[in-house]
C-alpha cells in the first residue's frame, strides 16, 4: 500500500516537472517573435549585416538554478568584425586572481577566430569566437534561432562555464 502511494507521488511529480519544463521552453521560444527576425531568412540578413546585439533575460550557472537578468545591464554587441561583451557572472572561480572591477565577463575587441555556421535544416546560426579578459581566455558559443531567441555559452580558463538565454535585437538608433 505504501509503495503504491509513493509511486503515484513520483508519477505526479514527474508530470508536473515535465509540464513546467515544456511551458518554460515554449515561453522562451516565443519571446523573440517581436524582435528583428521572425524567420530564418531575416536571421541570415541580420547576421550578414554584422550589426546586431543580444540582450539576455536569464543566466544559467553550471552549479545552480536560473537567474533572472531582466533589469540588469548585459549585452553582446556585434559591429563589423568587433564585439563588445558585458555579461554578469554567477559561478566559481578556479584559479587565483580576483573577479576584477567588472563584476562579470567583459570583452571589447575583435571577435578572434570567428566561425559562423548556418544550419538551414534546424533554422539556426552558430557563432563561435574567442577573446581575452585580463589574462583569462574566453570562448563564446552563441546560437541564434529564427524566432529571435538566443543561447550563449561562455567557457573560460579560470571560471566555471555559464550560459545565457536572451533575444536578438538591432542596435538602438542614436
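Some observations on this one:
- In region 46-59, the residues that are in contact (Cβ under 8 Å) with a residue 12 or more places away in the chain and either out of contact with any strand residue (DSSP E or B) (no Cβ under 7 Å at 6 or more places or on another chain) or within 14 Å of residue 105 (Cβ to Cβ) (or both): 54, 56, 59
- Of all residues in region 144-156 being within 8 Å of the chain's Cα centre (by Cα) and surrounded by 17 or more Cβ atoms within 10 Å (Cβ to Cβ), the one that is farthest from residue 92 (Cα to Cα): 150
- A single entry from 104, 80, 71, 131 fulfils the requirement of being buried (at least 17 other Cβ atoms within 10 Å of the Cβ), over 15 Å from the mean Cα position of the chain (by Cα) and free of Cβ contacts under 8 Å to residues at least 60 places away in the same chain: 131.
- Pair list, Cβ < 7 Å and 6+ apart or interchain, from region 108-122 residues that are in contact (Cβ under 8 Å) with a residue 60 or more places away in the chain to residues that are in a strand (DSSP E or B) and surrounded by 11 or more Cβ atoms within 10 Å (Cβ to Cβ): 116/125; 116/127; 118/125
- Test: residue in region 17-40 that is modelled with pLDDT of 90 or more and not in a strand (DSSP E or B): yes
- Here 124, 119, 113 are screened, and the one residue that is modelled with pLDDT of 95 or more and at positive phi is 113.
The values are calculated or read from the model by the stated rules, or taken from the named source; none is laboratory data. Predicted model only: the values in this text are computed from it and were never measured. We place every Cβ from the backbone using ideal geometry, glycine too, and count neighbours over all the protein chains shown.
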